[in-house]
Amino acid sequence: MNFVSRKLWIVGGMGLALSACGARQVAPVQQYSLGVARADYRDYTGAKANICDAEPRWLTDELSAVNGLMTRFLSETEQVKNPQSVDYARSVELLKEASGSLEKVLKVHQNNLQAVQKCGFAKSGAFPDMTKRGTELLEQARARLAEGGQLLALEEVQRKWKEEAPQREQAARGEWCAKTPEVGSTDLYYARKHADGRTEWFFCDGHIVQSAAGGEPTLVSPEGLSAKDRRKVKPPRYFEAAQGYPVEEMDKQPKSLADAAPAPAQSTASDGN
């Protein structure tokens, strides 16, 4: 073998060796933040990398970090069905934040947990418990995301109902009230009931009967009533008119997506005279 041939042979061998080394893909580290929680993870499947080539101790840290992130997410959104809780608003905000991003991380984590079971170290150290726990957390986190999606959709429907309620009230007033209604007439033109049970009945003369869920009704008078007009106001008559208003004709805020239908048209008005 002459010098040139030997040189070409050496260079070619080095190229093959480098090519073999280059075939082993490395998954880059990705960072994910949710609220105050953080986790570093790698998408081995997306990078076409073999998770079994990873250093087991580092891989344990990565998988544990995502498990920890899911645990914290579940803990901090636990009160999302309890509007009375002081943590309710925070739970809703975290669900909103997670709804557009967490599923991608969950999918990667699921692929990693499935792939690691084929590794030689899968049954050693913390891997058995970690993969089992991770699978359980994946199911719970996805259920919470689905639950949150329903709640957020309902929240949007309720927000729209509240935003448009004054317009419906004004439309009903224009249809059922005289231009100069008589004070004390108790002509009732519109009623609305909030999802929390609060109810309001609106009268053509500007009075409003309000009642909290299970509470006693109260009468709110319009500003600027003269002493003469105040003498015309008999609260029991307003309460009686409110009590007699047809429940099926109330403008009700949806309590669930199932009853998130358009508000009913005010087809009749109730006259307390």
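Yes or no: Glu155 open to solvent by less than 80 Å² (accessible area, probe 1.4 Å), among the acidic types (Asp, Glu) and either closer than 25 Å to Ala195 by Cα or in contact (Cβ under 8 Å) with a residue 40 or more places away in the chain (or both)?
Values: open to solvent by less than 80 Å² (accessible area, probe 1.4 Å): yes; among the acidic types (Asp, Glu): yes; either closer than 25 Å to Ala195 by Cα or in contact (Cβ under 8 Å) with a residue 40 or more places away in the chain (or both): yes.
For Glu155, the condition - open to solvent by less than 80 Å² (accessible area, probe 1.4 Å), among the acidic types (Asp, Glu) and either closer than 25 Å to Ala195 by Cα or in contact (Cβ under 8 Å) with a residue 40 or more places away in the chain (or both) - is met.
If I filter region 202-224 down to residues being open to solvent by less than 30 Å² (accessible area, probe 1.4 Å) and out of contact with any Pro (no Cβ under 7 Å at 6 or more places or on another chain), which single residue comes out as farthest from Lys179 (Cα to Cα)? So the residue we want is Phe202. Taking each residue of region 224-241 that is assigned to a helix (DSSP H, G or I) and looking for partners that are of a type in the set (Phe, Trp, Tyr) with beta-carbon atoms closer than 7 Å, six or more apart or interchain, yields Tyr238/Phe203. Scanning region 97-123 for residues that are open to solvent by 20 Å² or more (accessible area, probe 1.4 Å), more than 22 Å from Ala37 (Cβ to Cβ) and in contact (Cβ under 8 Å) with a residue 40 or more places away in the chain returns Ala115, Lys118, Gly120, Phe121.
Residues that are open to solvent by less than 20 Å² (accessible area, probe 1.4 Å), of a type in the set (A, V, I, L, M, F, W, C) and outside any helix (DSSP H, G or I) within region 77-96 comprise just one, Val80.
Can you pull out the residues in region 32-53 that are closer than 22 Å to Phe127 by Cα, open to solvent by 40 Å² or more (accessible area, probe 1.4 Å) and part of a strand (DSSP E or B)? Arg38, Asp40, Arg42 - these are the residues of region 32-53 that are closer than 22 Å to Phe127 by Cα, open to solvent by 40 Å² or more (accessible area, probe 1.4 Å) and part of a strand (DSSP E or B).
The lone criterion from (1) touching a helix residue (DSSP H, G or I) at 6+ places or on another chain (Cβ under 7 Å); (2) open to solvent by less than 70 Å² (accessible area, probe 1.4 Å); (3) outside any loop (DSSP other than H, G, I, E, B); (4) modelled with pLDDT under 95 left unmet by Leu74 is number (4).
The values are calculated or read from the model by the stated rules, or taken from the named source; none is laboratory data. The structure displayed is predicted, hence computed values, not measured ones. Every residue, glycine among them, receives a Cβ derived from its backbone with ideal geometry; neighbour counts consider all protein chains shown. Surface accessibility is based on the protein's heavy atoms, side chains included, excluding ligands, DNA and RNA. Shrake-Rupley method; radii C 1.70, N 1.55, O 1.52, S 1.80 Å.
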